[in-house]
Amino acid sequence: MHTKKMLFVISLFLISISKIYSQTDSSSYKNEFQFHIVNSYSLSYVNFISENAAIRYMLDINLNASGSDGDATSNSSSGSYTSAQTKSSSDSESNNQSIGFYSAYLIYPIRESIFTMYVGGGPFLSLQRYFSRYSSDTDNGNGIGHSTSSNLGYYLNLGIEGIIGVECSIAEKISLLAEYGLYAYYGWTKSKGTGSFSSETYTNNNTHESNGNRWGTGLSGVKLGIAFRF
């Protein structure tokens, strides 16, 4: 009797699994949302224009910030001469934000119920802002010196990206995804900054501004996320 119950439970389990994967035919869905949450924060809309081709539109946002502060004490000597002790303290902060708009034509050489693979590429436009600040105080026994610096800059990039990605279904309409890409771009830059140093006997202030352009290439790294089909 116990054996029959176990066989009945196992049969129900196998039937349930087979139903789930028999319904998980990814080619039957015409739209997909993708969310990258590792190495990138982005939202993508994928529209399938045929069984093995799609157009993807992506909004990519990245926010980063860091800061530090510290104190140090040092001594220096030359022969029999030992200088006065030097004490210093410093603090710094930096942050950058970027937003990018991407579009890509995707081809699916493999589009099965459980595993999907795609390759493609297309143009992108991105804007990045960065800011950094640094300040320090130094006391060498002869007086205190104070220095500061700050920089603010902007990047505007227009380029093209090639990608390869895979998806693995974990439910009828849900899959995990991994993607890797490389890109090339032409960009415009604008930056400005200030710096100063002051002590009991000396003061100096300076400012700078620059504008430029650049070419660049790079790898986007492996992006991980989740996809929802509908």
So in the stretch 35-47, with the set limited to residues that are in a strand (DSSP E or B) and touching a Gly at 6+ places or on another chain (Cβ under 6 Å), which one is modelled with the lowest pLDDT?
37
Residue within the stretch 180-195 that is in contact with a Leu (Cβ under 6 Å, 6 or more places away or on another chain), more than 18 Å from residue 117 (Cα to Cα) and among the aliphatic types (A, V, I, L, M) present
no
So residue 161, is it out of contact with any helix residue (DSSP H, G or I) (no Cβ under 7 Å at 6 or more places or on another chain) and within 19 Å of residue 59 (Cβ to Cβ)
yes
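If you check residue 148 against the conditions, is it of a type in the set (Ser, Thr, Tyr) and free of Cβ contacts under 8 Å to residues at least 40 places away in the same chain? Before you say what the answer is, go through the steps one by one.
Numbers: of a type in the set (Ser, Thr, Tyr): yes; free of Cβ contacts under 8 Å to residues at least 40 places away in the same chain: no.
Taking the combined requirement at face value, the residue does not satisfy it.
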Taking the stretch 58-81 as the region of interest, how many residues are touching a Ser or Thr at 6+ places or on another chain (Cβ under 8 Å), modelled with pLDDT under 70 and assigned to a strand (DSSP E or B)?
1
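Quick one: which of 114, 110, 99 is modelled with pLDDT of 95 or more and of a type in the set (A, V, I, L, M)? Full working, then the answer.
Working: 114 fails: modelled with pLDDT of 95 or more; 110 fails: modelled with pLDDT of 95 or more.
The unique qualifying residue is 99.
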Failed condition for residue 172, given (1) touching a strand residue (DSSP E or B) at 6+ places or on another chain (Cβ under 6 Å); (2) not in a strand (DSSP E or B), with all others met?
(1)
Could you tell me which residue of the stretch 101-143 is surrounded by the most Cβ atoms within 10 Å (Cβ to Cβ), considering only residues that are charged (D, E, K, R) and part of a strand (DSSP E or B)?
111
Among (1) aliphatic (A, V, I, L, M); (2) farther than 26 Å from residue 225 by Cα; (3) at pLDDT 90 or above, which single condition is residue 54 missing?
(2)
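Kindly evaluate residue 94 against the criterion of being polar (S, T, N, Q) and either surrounded by 13 or more Cβ atoms within 10 Å (Cβ to Cβ) or not in a strand (DSSP E or B) (or both). Before you say what the answer is, go through the steps one by one.
On the way: polar (S, T, N, Q): yes; either surrounded by 13 or more Cβ atoms within 10 Å (Cβ to Cβ) or not in a strand (DSSP E or B) (or both): yes.
Yes, satisfied.
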Six or more apart or on different chains, Cβ under 6 Å: which pairs go from a residue in the stretch 185-214 that's of a type in the set (Asp, Glu) and surrounded by fewer than 15 Cβ atoms within 10 Å (Cβ to Cβ) to one that's modelled with pLDDT under 90 and not in a strand (DSSP E or B)? Could you list them?
200/143
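The values are calculated or read from the model by the stated rules, or taken from the named source; none is laboratory data. These numbers were taken from a predicted model, which means no experiment stands behind them. Note that each Cβ is placed from the backbone with ideal geometry, even for glycine, and that neighbours are counted across all protein chains shown.
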